[in-house]
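One structure below.
The values are calculated or read from the model by the stated rules, or taken from the named source; none is laboratory data. Given the structure is predicted, the values throughout are model-derived calculations rather than measurements. No Cβ is skipped: glycine too gets one built from the backbone with ideal geometry, and neighbour counts run over all protein chains shown. Remember, those area values only see protein heavy atoms, side chains included, never the ligands or the DNA or RNA. Shrake-Rupley method; radii C 1.70, N 1.55, O 1.52, S 1.80 Å.
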Amino acid sequence: MNHLYEARILLVDDHPDILKMLSSILTRRGFLSIRTASDCQTARKMFRLYEPELVVLDIMLPDGDGFSLMRDLRASSDVPVLFLSAKDQDNDRLLGLGLGADDYITKPFLPDELVLRLSAILKRTYFSKLIQEPESTRLVLGKHTILLESGTVRSENGETPLTAKELALLKKLYENRGNIVTFDALSDAVWGENYYRYENTLMVHIRRLREKIEDDPSHPVWLLTVRGLGYKLIKGD
Amino acid sequence: MKNLSKIISRYLLSAFLVLLFTLFLNIVLYIVLGFQFFRSADHTFSYSAMIEQELSAADGQILLSETGYDCLNSHYVWAMVLDDSGNIAWNWNLPAHLSHPYTPRQIAAFSKWYLDDYPVTERITDQGLLVLAQEKYTVWKKNIYNSVGVVTFLIHMVPVTLFTNLFLLFLMVFFFGLRFYRSLKILADGIRNLSEQKPIRLPEKGMTELLARQLNHTSDLLIRQREQLNRRDDARTAWISGVSHDIRTPLSLIMGYAGNLKEDPSLSEEQRHLAGLMEAQSLQIKHLIEDLNLTSRLEYHMQPLRSAPFKPSALLRELISHMYNCGISKDHAIDLYIEQEVEQMTMTGDSALLSRAFSNLIGNSIRHNPDGCTITVTACLTPKGICFQAADDGTGIPDIIIRSLTGQLLDMEKAPHIMGLRIAMQIFSAHGWEMVFTDKNTIHIFGDSTSS
């Protein structure tokens with residue numbers, strides 16, 4: 001498989017209309033190789049013949065259930081599985097994910113959401129090296145370029161090293177760039193679960209980080225404070 | 001149980017007071033009767049003394065005045081005076097068989113006992129020994145002799161006996177009270193268990209047999225009613241769950257194809273917009289189904305709480321940040337104020353459900369104030385526990401909705417179909433928390449401090 005859209009996808013659902021619609025959605029979004037099965041027996045047969053690279057599974061099937069089918073499939077392969085079911089109880093969701101499913105979507109669903117989640121699984125499973133492109137470890141904030149791998153900030157004045165905690169904070173903010181990251185999530189990323197009484201220390205680390213990545217640390221434009229909630233790393237142009 | 005102890009201690013106190021009152025009554029009765037007795041005894045003594053005074057001697061003859069004879073007629077049947085030799089010196093109505101000289105032995109005998117069954121009283125006068133007889137079988141006569149030691153012992157024994165008896169009586173009252181308490185305790189435990197909806201099977205014996213039988217019967221009835229209610233609730237929840245499950249497949253098709261049409265370049269802009277509307281409305285129906293399922297499960301206690309420790313401050317920050325990150329309009333603002341004490345606090349609860357509840361409260365303010373408003377969420381610690389406040393400066397919640405949610409709306413047909421606030425209320429209630437509508441713009445949530 002050279003590209004995401006070349007992935008062989010097996011859709012298993014007892015409802016022919018749903019299978020038809022899923023095929024239609026995926027085909028329209030560019031996926032090229034799709035097979036369908038409406039019961040466990042056909043699904044097992046298709047699995048052997050077709051060797052899919054991703055299985056979208058319904059739970060309630062006429063001759064068995066999706067959980068058992070997934071156990072059978074996983075016995076011989078590590079194929080990623082996405083559950084797509086009308087069962088919305090937490091127990092079903094937890095059971096599916098607990099068995100090792102890669103995702104669980106409840107019906108009805110947004111076609112775009114299904115495609116995004118499905119693509120994310122495929123990328124994670126088959127294109128993980130592509131995700132870690134060198135470009136993604138470079139963070140450009142105005143005149144400052146942060147090299148996340150080496151933990152340094154490059155600017156007109158030269159290179160400034162980041163401390164381990166500053167780097168951890170920056171990585172967390174970068175993963176959620178454009179979104180507010182709470183004090184708790186940041187403290188958790190730096191100090192782990194027992195992060196109580198670190199609020200002031202966090203402020204100190206943020207101030208030092210600003211001194212390294214902001215032109216004017218007193219009037220930050222990249223790393224902003226959201227009062228009462230946390231911090232936000234502004235998205236670039 | 002405190003009530004039962006109170007009842008029993010009151011019973012013991014009452015019994016003790018009744019005992020004291022009876023004792024007091026007895027003492028009073030004995031004093032009155034004794035006084036009466038001594039008064040009557042004194043009369044007998046005074047009659048004989050009067051006759052003695054009315055006796056006189058003239059020319060060797062013994063005489064009795066008229067008053068003396070009147071007294072004799074009234075109180076005695078015969079009388080005589082014996083001289084020092086035992087001969088009869090004077091007599092009045094003396095039966096013939098008693099009219100003879102008396103030896104010292106005979107005199108000593110009748111002075112202690114009776115004379116021919118006549119109770120006689122003797123008085124030593126100047127004229128001789130005056131013997132006065134009353135009607136046979138009217139007076140009990142007995143000379144009592146005893147040592148001073150025995151009499152002293154008897155006098156001392158009176159209070160000892162009295163107090164021993166009192167103590168024994170009190171012990172018996174206490175023993176019966178205890179037995180009564182034990183019987184009642186079983187009943188009280190049974191009633192308490194009933195009030196806590198626990199089934200009971202009390203022993204049907206002893207003095208509380210009838211009451212125990214009736215309580216057992218009541219318990220059986222309550223269990224049966226509860227089972228019926230549970231079956232009905234289960235059926236209702238299963239029905240809602242089944243219907244919502246059945247709706248999901250056709251709704252998936254509508255949403256899926258609407259999503260496809262929305263992206264179809266062969267359609268016009270207007271047609272794609274309409275397809276987008278269909279998709280958005282289908283999503284709305286999906287959320288309604290989820291809310292309906294959740295509210296039904298919460299209503300009938302079928303939603304399991306995944307309780308785990310969580311920080312309320314972190315939960316609120318995460319929720320509000322998520323709302324900002326998902327995008328709220330510029331006209332809306334959510335301010336969060338958390339007291340320092342709450343920052344350190346860890347509570348136990350289903351954080352996903354609680355987050356949903358707070359999200360519903362904030363979402364409700366945003367939805368009903370499309371022109372914008374500022375929502376203020378605060379968390380502070382009170383002596384009773386944690387207190388959250390969600391307030392906005394918008395239009396506020398209509399009175400009919402508050403009355404409907406707080407059960408004050410009598411005509412339920414007029415009740416508005418409000419899901420978000422109801423679910424929030426149910427989630428807080430499932431945690432033992434209380435949601436209070438302070439005014440139309442302010443909601444307070446009081447959490448139990450024991451869960452912290």
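The selection criterion, being at pLDDT 85 or above, in contact with a His (Cβ under 8 Å, 6 or more places away or on another chain), surrounded by 14 or more Cβ atoms within 10 Å (Cβ to Cβ) and not hydroxyl-bearing (Ser, Thr, Tyr), holds for A:Leu169. Of all residues in region B:163-183, one or more are of a type outside the set (Phe, Trp, Tyr), open to solvent by 70 Å² or more (accessible area, probe 1.4 Å), within 21 Å of the chain's Cα centre (by Cα) and closer than 28 Å to B:Leu17 by Cβ. The criterion of at least 1 residues that are over 21 Å from B:Met345 (Cα atoms) is met, among helices (runs of 4 or more DSSP H) falling completely within region A:157-230, by A:164-175, A:199-213. Restrict the check to region B:280-302 and report whether at least one residue is under 26 Å from B:Ala379 (Cβ atoms) and within 11 Å of chain A (Cβ to nearest Cβ). Yes: one or more hits.
Considering (1) in contact (Cβ under 8 Å) with a residue 12 or more places away in the chain; (2) within 14 Å of chain A (Cβ to nearest Cβ); (3) open to solvent by 60 Å² or more (accessible area, probe 1.4 Å), the lone condition that B:Ser266 does not fulfil carries the number (1).
Matching residues to (1) within 14 Å of chain A (Cβ to nearest Cβ); (2) closer than 16 Å to B:Asn441 by Cα:
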site: B:Met323; (1), (2): yes, no
site: B:Ala333; (1), (2): yes, yes
site: B:Val342; (1), (2): yes, no
site: B:Ser355; (1), (2): yes, no
site: B:Asn360; (1), (2): no, yes
site: B:Arg367; (1), (2): no, yes
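Annotation: A:Asp215 fulfils all but one of (1) in contact with a helix residue (DSSP H, G or I) (Cβ under 9 Å, 6 or more places away or on another chain); (2) surrounded by 13 or more Cβ atoms within 10 Å (Cβ to Cβ); the unmet one is (1).
This table checks each residue for (1) away from chain B (no Cβ under 14 Å); (2) open to solvent by 80 Å² or more (accessible area, probe 1.4 Å).
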residue	(1), (2)
A:His3	yes, yes
A:Ala7	yes, no
A:Leu10	yes, no
A:Asp13	no, no
A:Pro16	no, yes
A:Ser24	no, no
A:Gln41	yes, yes
A:Lys45	yes, yes
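Out of curiosity, is B:Gln426 of a type outside the set (A, V, I, L, M, F, W, C), part of a strand (DSSP E or B), assigned by TED's automatic domain parsing to the domain that holds B:Glu318 and within 28 Å of B:Glu290 (Cβ to Cβ)? No. For region A:124-137, the criterion of being without any contact (Cβ under 8 Å) to a residue 60 or more places away in the chain and crowded, with 17+ Cβ neighbours inside 10 Å is met by none of the residues. Is it the case that region B:153-160 has a residue that's open to solvent by less than 90 Å² (accessible area, probe 1.4 Å), within 55 Å of the chain's Cα centre (by Cα) and farther than 29 Å from B:Ile27 by Cβ? No - not one qualifying residue is present in region B:153-160. What are the residues in region B:426-449 that are closer than 19 Å to B:Ile400 by Cβ and either open to solvent by 60 Å² or more (accessible area, probe 1.4 Å) or not polar (S, T, N, Q) (or both), if any? Once the filter is applied, which keeps residues that are closer than 19 Å to B:Ile400 by Cβ and either open to solvent by 60 Å² or more (accessible area, probe 1.4 Å) or not polar (S, T, N, Q) (or both), region B:426-449 yields B:Met435, B:Val436, B:Phe437, B:Thr438, B:Asp439, B:Lys440, B:Ile443.
Within the set B:Arg248, B:Arg231, the sole residue that is away from chain A (no Cβ under 14 Å) and either over 30 Å from B:Val18 (Cβ atoms) or among the aromatic types (Phe, Trp, Tyr) (or both) turns out to be B:Arg231. Looking only at region B:80-116, residues that are open to solvent by less than 30 Å² (accessible area, probe 1.4 Å), in contact with a Ser or Thr (Cβ under 9 Å, 6 or more places away or on another chain) and over 25 Å from B:Trp140 (Cα atoms) come to 1 in all.
Checked against (1) open to solvent by less than 90 Å² (accessible area, probe 1.4 Å); (2) free of Cβ contacts under 8 Å to residues at least 12 places away in the same chain; (3) within 30 Å of B:Gly86 (Cα to Cα); (4) hydrophobic (A, V, I, L, M, F, W, C), B:Leu130 passes all but a single condition, namely (2).
Once region B:221-262 is narrowed to residues that are among the acidic types (Asp, Glu) and either open to solvent by less than 80 Å² (accessible area, probe 1.4 Å) or over 22 Å from B:His287 (Cα atoms) (or both), the residue that is farthest from the chain's Cα centre (by Cα) is B:Asp234.
So which residues in region B:75-119 are free of Cβ contacts under 8 Å to residues at least 24 places away in the same chain and under 20 Å from B:Met50 (Cα atoms), if there are any at all?
Across region B:75-119, the qualifying residues are B:Asn91, B:Asn93, B:Leu94, B:Ser111, B:Pro119.
Looking at region A:38-46, is at least one residue touching a residue at least 24 places away in the same chain (Cβ under 8 Å), over 20 Å from A:Ser68 (Cβ atoms) and not β-branched (Val, Ile, Thr)? Looking for residues that are touching a residue at least 24 places away in the same chain (Cβ under 8 Å), over 20 Å from A:Ser68 (Cβ atoms) and not β-branched (Val, Ile, Thr), one finds none in region A:38-46, hence no.
When A:Leu84 is tested against (1) over 30 Å from B:Arg297 (Cα atoms); (2) within 14 Å of chain B (Cβ to nearest Cβ); (3) touching a residue at least 12 places away in the same chain (Cβ under 8 Å), exactly one condition is not met: (1).
Scanning region A:204-237 for residues that are farther than 19 Å from A:Leu148 by Cα, within 14 Å of chain B (Cβ to nearest Cβ) and modelled with pLDDT under 90 gives A:Arg227, A:Gly228. Scoring A:Asn179 on the criteria (1) closer than 27 Å to B:Cys326 by Cα; (2) more than 14 Å from every other protein chain (Cβ to nearest Cβ); (3) open to solvent by 40 Å² or more (accessible area, probe 1.4 Å) leaves a single failure, condition (2).
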